[in-house]
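Undergrad: Sharing a structure with you now.
The values are calculated or read from the model by the stated rules, or taken from the named source; none is laboratory data. Bear in mind that the values here come from a model prediction, so they are computed numbers and not experimental data. When we count neighbours, we look across all protein chains shown, and the Cβ atoms used for this are built from the backbone with ideal geometry, even at glycine. Please note that ligands, DNA and RNA were not included when accessible areas were found on the heavy atoms of the full protein model with its side chains. Shrake-Rupley method; radii C 1.70, N 1.55, O 1.52, S 1.80 Å.
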There are 2 protein chains.
Amino acid sequence: MTTTAEDLSLTFAALADPTRRAILQRLALGDATVNELAEPFALTQQAISKHLKVLERAGLISRSRAAQSRPCQLETGRLDSAADWISRHRRLWEERYDRLDEHLAALRRPVERGTSDEEGT
Amino acid sequence: MTTTAEDLSLTFAALADPTRRAILQRLALGDATVNELAEPFALTQQAISKHLKVLERAGLISRSRAAQSRPCQLETGRLDSAADWISRHRRLWEERYDRLDEHLAALRRPVERGTSDEEGT
(Lines give C-alpha, C1' and ligand atoms only; values in the text may rest on other atoms or scores of the structure.)
Protein backbone atom coordinates (compact mmCIF):
# COMPACT_ATOMS: atom_id res chain seq x y z
CA MET A 1 0.00 0.00 0.00
CA THR A 2 1.50 3.34 -1.07
CA THR A 3 1.10 6.45 1.03
CA THR A 4 0.00 9.47 -1.00
CA ALA A 5 0.80 13.11 -0.15
CA GLU A 6 -2.82 13.42 0.99
CA ASP A 7 -2.42 10.40 3.34
CA LEU A 8 0.74 11.92 4.78
CA SER A 9 -1.03 15.25 5.39
CA LEU A 10 -3.88 13.46 7.19
CA THR A 11 -1.40 11.52 9.33
CA PHE A 12 0.59 14.58 10.38
CA ALA A 13 -2.63 16.56 11.03
CA ALA A 14 -3.93 13.72 13.22
CA LEU A 15 -0.65 13.71 15.18
CA ALA A 16 -0.90 17.49 15.76
CA ASP A 17 -3.21 17.12 18.78
CA PRO A 18 -2.04 16.13 22.29
CA THR A 19 -5.22 14.14 23.10
CA ARG A 20 -4.92 12.14 19.88
CA ARG A 21 -1.24 11.46 20.61
CA ALA A 22 -2.21 10.29 24.12
CA ILE A 23 -4.82 7.96 22.59
CA LEU A 24 -2.18 6.46 20.26
CA GLN A 25 0.19 6.12 23.23
CA ARG A 26 -2.50 4.17 25.11
CA LEU A 27 -3.20 1.97 22.07
CA ALA A 28 0.52 1.22 21.66
CA LEU A 29 0.20 -0.69 24.94
CA GLY A 30 -2.86 -2.64 23.85
CA ASP A 31 -6.26 -2.43 22.14
CA ALA A 32 -8.94 -0.46 24.01
CA THR A 33 -12.62 0.40 23.79
CA VAL A 34 -13.95 3.98 23.61
CA ASN A 35 -14.91 3.70 27.31
CA GLU A 36 -11.39 2.64 28.27
CA LEU A 37 -9.89 5.43 26.16
CA ALA A 38 -12.21 8.11 27.60
CA GLU A 39 -11.44 7.17 31.25
CA PRO A 40 -8.05 8.91 31.77
CA PHE A 41 -9.24 12.11 30.02
CA ALA A 42 -11.66 14.72 31.30
CA LEU A 43 -13.54 14.28 28.03
CA THR A 44 -16.93 12.97 27.04
CA GLN A 45 -17.25 9.77 25.03
CA GLN A 46 -18.52 11.96 22.21
CA ALA A 47 -15.31 14.06 22.20
CA ILE A 48 -13.19 10.89 22.23
CA SER A 49 -15.26 9.45 19.37
CA LYS A 50 -14.54 12.58 17.33
CA HIS A 51 -10.78 12.14 17.88
CA LEU A 52 -11.04 8.44 16.99
CA LYS A 53 -12.73 9.35 13.69
CA VAL A 54 -9.79 11.66 12.82
CA LEU A 55 -7.30 8.90 13.72
CA GLU A 56 -9.26 6.30 11.74
CA ARG A 57 -9.50 8.57 8.67
CA ALA A 58 -5.72 9.12 8.92
CA GLY A 59 -5.22 5.32 8.91
CA LEU A 60 -3.53 5.46 12.34
CA ILE A 61 -6.09 3.19 14.01
CA SER A 62 -8.63 0.61 12.97
CA ARG A 63 -11.78 -0.45 14.81
CA SER A 64 -13.20 -3.93 15.08
CA ARG A 65 -16.65 -4.30 13.49
CA ALA A 66 -17.20 -7.62 15.24
CA ALA A 67 -17.62 -6.80 18.93
CA GLN A 68 -20.32 -4.51 20.32
CA SER A 69 -17.62 -2.46 22.08
CA ARG A 70 -15.65 -2.06 18.79
CA PRO A 71 -12.15 -2.00 20.35
CA CYS A 72 -9.56 0.29 18.69
CA GLN A 73 -6.21 -0.95 17.46
CA LEU A 74 -3.09 1.01 16.51
CA GLU A 75 -2.10 0.70 12.84
CA THR A 76 1.63 1.21 12.41
CA GLY A 77 1.86 1.55 8.61
CA ARG A 78 1.06 5.26 8.54
CA LEU A 79 3.30 5.97 11.54
CA ASP A 80 6.10 4.33 9.54
CA SER A 81 5.32 6.45 6.48
CA ALA A 82 5.45 9.62 8.59
CA ALA A 83 8.75 8.57 10.21
CA ASP A 84 10.13 7.65 6.77
CA TRP A 85 9.32 11.08 5.38
CA ILE A 86 11.16 12.75 8.27
CA SER A 87 14.21 10.48 8.15
CA ARG A 88 14.51 10.80 4.37
CA HIS A 89 14.75 14.59 4.61
CA ARG A 90 16.95 14.40 7.66
CA ARG A 91 19.35 12.27 5.57
CA LEU A 92 19.31 14.72 2.63
CA TRP A 93 20.29 17.43 5.09
CA GLU A 94 23.13 15.37 6.56
CA GLU A 95 24.39 14.43 3.10
CA ARG A 96 24.49 18.11 2.28
CA TYR A 97 26.80 18.70 5.25
CA ASP A 98 28.89 15.65 4.38
CA ARG A 99 29.38 17.10 0.89
CA LEU A 100 30.28 20.46 2.44
CA ASP A 101 32.80 18.74 4.75
CA GLU A 102 34.34 16.90 1.78
CA HIS A 103 34.51 20.15 -0.15
CA LEU A 104 36.20 21.95 2.75
CA ALA A 105 38.60 19.03 3.23
CA ALA A 106 39.48 19.19 -0.48
CA LEU A 107 40.08 22.94 -0.18
CA ARG A 108 42.27 22.45 2.90
CA ARG A 109 44.43 19.69 1.44
CA PRO A 110 46.71 21.78 -0.84
CA VAL A 111 47.14 24.36 1.95
CA GLU A 112 48.23 21.66 4.41
CA ARG A 113 50.62 20.25 1.82
CA GLY A 114 51.90 23.75 1.24
CA THR A 115 52.50 24.21 4.98
CA SER A 116 54.41 20.93 5.36
CA ASP A 117 56.51 21.84 2.27
CA GLU A 118 57.44 25.08 3.98
CA GLU A 119 58.34 23.15 7.14
CA GLY A 120 60.51 20.84 5.01
CA THR A 121 62.65 23.69 3.68
CA MET B 1 16.25 22.43 24.58
CA THR B 2 13.21 20.34 25.57
CA THR B 3 10.29 19.91 23.22
CA THR B 4 6.92 20.49 24.89
CA ALA B 5 3.63 18.86 23.87
CA GLU B 6 2.68 22.23 22.38
CA ASP B 7 5.92 22.32 20.31
CA LEU B 8 5.23 18.82 19.05
CA SER B 9 1.68 19.79 18.05
CA LEU B 10 2.99 22.82 16.11
CA THR B 11 5.61 20.65 14.36
CA PHE B 12 3.12 17.97 13.27
CA ALA B 13 0.59 20.66 12.19
CA ALA B 14 3.30 22.36 10.10
CA LEU B 15 4.17 19.01 8.46
CA ALA B 16 0.49 18.42 7.59
CA ASP B 17 0.64 20.52 4.41
CA PRO B 18 2.18 19.32 1.10
CA THR B 19 3.53 22.77 0.15
CA ARG B 20 5.24 23.16 3.53
CA ARG B 21 6.73 19.66 3.19
CA ALA B 22 7.99 20.59 -0.31
CA ILE B 23 9.59 23.75 1.15
CA LEU B 24 11.37 21.65 3.81
CA GLN B 25 12.46 19.19 1.11
CA ARG B 26 13.97 22.10 -0.88
CA LEU B 27 15.70 23.47 2.25
CA ALA B 28 17.15 20.04 3.06
CA LEU B 29 19.24 20.50 -0.11
CA GLY B 30 20.41 23.99 0.84
CA ASP B 31 19.37 27.38 2.20
CA ALA B 32 17.07 29.43 -0.03
CA THR B 33 15.44 32.86 -0.21
CA VAL B 34 11.67 33.42 -0.43
CA ASN B 35 12.09 34.12 -4.17
CA GLU B 36 13.93 30.85 -4.72
CA LEU B 37 11.33 28.95 -2.69
CA ALA B 38 8.38 30.54 -4.53
CA GLU B 39 9.78 29.71 -8.01
CA PRO B 40 8.82 26.00 -8.34
CA PHE B 41 5.31 26.61 -6.95
CA ALA B 42 2.37 28.31 -8.64
CA LEU B 43 2.12 30.48 -5.53
CA THR B 44 2.59 34.15 -4.76
CA GLN B 45 5.48 35.28 -2.57
CA GLN B 46 2.82 36.25 -0.03
CA ALA B 47 1.44 32.70 0.12
CA ILE B 48 4.97 31.31 0.51
CA SER B 49 5.68 33.84 3.27
CA LYS B 50 2.60 32.61 5.13
CA HIS B 51 3.86 29.01 4.95
CA LEU B 52 7.32 30.14 6.09
CA LYS B 53 5.78 31.81 9.14
CA VAL B 54 4.06 28.53 10.11
CA LEU B 55 7.35 26.63 9.64
CA GLU B 56 9.30 29.24 11.63
CA ARG B 57 6.75 29.21 14.47
CA ALA B 58 7.02 25.41 14.56
CA GLY B 59 10.81 25.70 14.88
CA LEU B 60 11.35 23.78 11.63
CA ILE B 61 13.18 26.63 9.89
CA SER B 62 15.08 29.74 10.87
CA ARG B 63 15.63 32.90 8.82
CA SER B 64 18.75 34.98 8.68
CA ARG B 65 18.28 38.54 9.97
CA ALA B 66 21.56 39.64 8.41
CA ALA B 67 20.99 39.62 4.65
CA GLN B 68 18.31 41.66 2.87
CA SER B 69 17.03 38.45 1.22
CA ARG B 70 16.77 36.70 4.64
CA PRO B 71 17.57 33.16 3.42
CA CYS B 72 15.73 30.29 5.14
CA GLN B 73 17.50 27.37 6.76
CA LEU B 74 16.16 23.98 7.85
CA GLU B 75 16.32 23.36 11.61
CA THR B 76 16.54 19.67 12.35
CA GLY B 77 15.91 19.65 16.13
CA ARG B 78 12.13 19.65 15.83
CA LEU B 79 12.18 17.10 13.02
CA ASP B 80 14.17 14.86 15.36
CA SER B 81 11.66 15.38 18.19
CA ALA B 82 8.79 14.44 15.87
CA ALA B 83 10.65 11.34 14.64
CA ASP B 84 11.50 10.44 18.26
CA TRP B 85 7.87 10.60 19.29
CA ILE B 86 6.88 8.24 16.48
CA SER B 87 9.71 5.74 17.03
CA ARG B 88 9.11 5.66 20.81
CA HIS B 89 5.48 4.60 20.31
CA ARG B 90 6.40 2.27 17.49
CA ARG B 91 8.77 0.55 19.94
CA LEU B 92 6.11 0.27 22.69
CA TRP B 93 3.89 -1.44 20.12
CA GLU B 94 6.64 -3.86 19.08
CA GLU B 95 7.51 -4.65 22.70
CA ARG B 96 3.86 -5.48 23.25
CA TYR B 97 4.05 -8.07 20.47
CA ASP B 98 7.39 -9.39 21.77
CA ARG B 99 5.75 -9.94 25.18
CA LEU B 100 2.83 -11.69 23.47
CA ASP B 101 5.27 -13.93 21.54
CA GLU B 102 7.12 -14.80 24.77
CA HIS B 103 3.82 -15.57 26.45
CA LEU B 104 2.75 -17.84 23.58
CA ALA B 105 6.17 -19.55 23.56
CA ALA B 106 5.86 -20.18 27.32
CA LEU B 107 2.41 -21.67 26.76
CA ARG B 108 3.70 -23.90 23.95
CA ARG B 109 6.76 -25.24 25.81
CA PRO B 110 5.07 -27.93 28.05
CA VAL B 111 3.08 -29.23 25.08
CA GLU B 112 6.26 -29.64 22.97
CA ARG B 113 8.03 -31.43 25.86
CA GLY B 114 5.00 -33.69 26.19
CA THR B 115 5.18 -34.59 22.50
CA SER B 116 8.91 -35.42 22.56
CA ASP B 117 8.39 -37.60 25.70
CA GLU B 118 5.80 -39.58 23.80
CA GLU B 119 8.22 -40.00 20.90
CA GLY B 120 10.84 -41.32 23.36
CA THR B 121 8.65 -44.17 24.58
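Undergrad: For region B:65-93, list whatever residues lose no less than 40 Å² of accessible surface once every protein chain is in place, relative to that chain by itself, with the probe at 1.4 Å.
TA: Output list: B:T76, B:L79, B:W85, B:I86, B:H89, B:R90, B:L92, B:W93.
Undergrad: Along region A:88-95, what does the Karplus equation 6.51 cos²θ - 1.76 cosθ + 1.60 (θ = phi - 60°) give for ³J(HN,Hα), rounded to whole Hz, x for Gly and Pro?
TA: 5, 7, 4, 5, 3, 4, 5, 4
Undergrad: Then there is this: Rounded to two decimals, what is the ratio between the C-alpha radius of gyration of region B:9-49 and 2.2 N^0.38 Å?
TA: 1.15
Undergrad: Relative to 2.2 N^0.38 Å, what does the C-alpha radius of gyration of chain B come to as a ratio? Two decimals please.
TA: 1.84
Undergrad: Report ³J(HN,Hα) in whole Hz for each residue of region B:63-72, in order, from the Karplus equation J = 6.51 cos²θ - 1.76 cosθ + 1.60 where θ = phi - 60°; Gly and Pro get x.
TA: Values per residue, Gly and Pro as x: 10, 5, 8, 6, 6, 4, 7, 6, x, 9 Hz.
Undergrad: Have a look at B:D17, B:D84, B:D101 and tell me which one the Gaussian network model of chain B (Cα, springs below 10 Å) gives the largest fluctuation.
TA: B:D101
Undergrad: Also, quick follow-up: Rounded, prolate or oblate: which one fits the protein assembly as shown, using the alpha carbon gyration tensor with axes a ≥ b ≥ c (rounded when a/c is under 1.5, else prolate when a/b beats b/c, else oblate)?
TA: It comes out oblate by the Cα gyration axes.
Undergrad: Out of the total accessible area of chain A (probe 1.4 Å, heavy atoms of protein only), what percent is carbon and sulfur?
TA: Within chain A, the accessible surface is 50 percent carbon and sulfur.
Undergrad: Here is a further query. Check each residue of region A:1-43 and keep those whose accessible area, probe 1.4 Å, is at least 30 Å² smaller with all protein chains in place than in the chain alone; give them in order of residue number.
TA: Relative to the lone chain, where solvent access is computed with a 1.4 Å probe, region A:1-43 loses at least 30 Å² at A:S9, A:F12, A:L15, A:A16, A:R21, A:Q25, A:A28, A:L29.
Undergrad: Probe radius 1.4 Å, ligands and nucleic acids left out: can you give me the accessible area buried at the B-A interface, summed over both chains, in Å² to the nearest hundred? Don't skip to the answer; put the middle values down first.
TA: Numbers: alone 8760 and 8750 Å², together 14670 Å².
Separately minus together, B and A give about 2800 Å² buried.
Undergrad: Here's a follow-up. Taking H as built 1.01 Å from N, whose amide H comes closer than 5 Å to the amide H of A:A32, not counting residues under 5 places away?
TA: A:C72
Undergrad: Could you work out the helix-only [θ] at 222 nm for chain A, with each DSSP H run of four or more residues adding -39,500 (n - 2.57) and the total divided by the number of residues, to the nearest 500 deg cm²/dmol?
TA: -24000 deg cm²/dmol
Undergrad: Oh, and also: Given a 1.4 Å probe, how much area per residue of region B:1-81 is accessible, in Å²? Mind showing how you got there, number by number?
TA: Working: 4190 Å² over 81 residues.
Ligands and nucleic acids excluded, the result is 52 Å² per residue.
Undergrad: Answer with one residue from A:Q73, A:A58, B:A106: the one whose Cα lies farthest towards the positive end of the charge dipole of the protein assembly as shown, charges on Cβ with Lys, Arg +1 and Asp, Glu -1.
TA: Looking along the dipole axis, the top candidate is A:A58.
Undergrad: Tell me, what HN-Hα J-couplings in whole Hz come from the Karplus equation 6.51 cos²θ - 1.76 cosθ + 1.60 at θ = phi - 60° for each residue of region A:51-59, using x for Gly and Pro?
TA: After applying 6.51 cos²θ - 1.76 cosθ + 1.60, I find 4, 5, 5, 4, 5, 5, 4, 7, x Hz.
Undergrad: Sticking with this one: Return the distance in nm (one decimal) between the two label points of a simple spin-label model at B:R108 and A:F41, each offset 7 Å from Cα along Cα→Cβ.
TA: Rounded to a tenth, the inter-label distance reads 3.8 nm.
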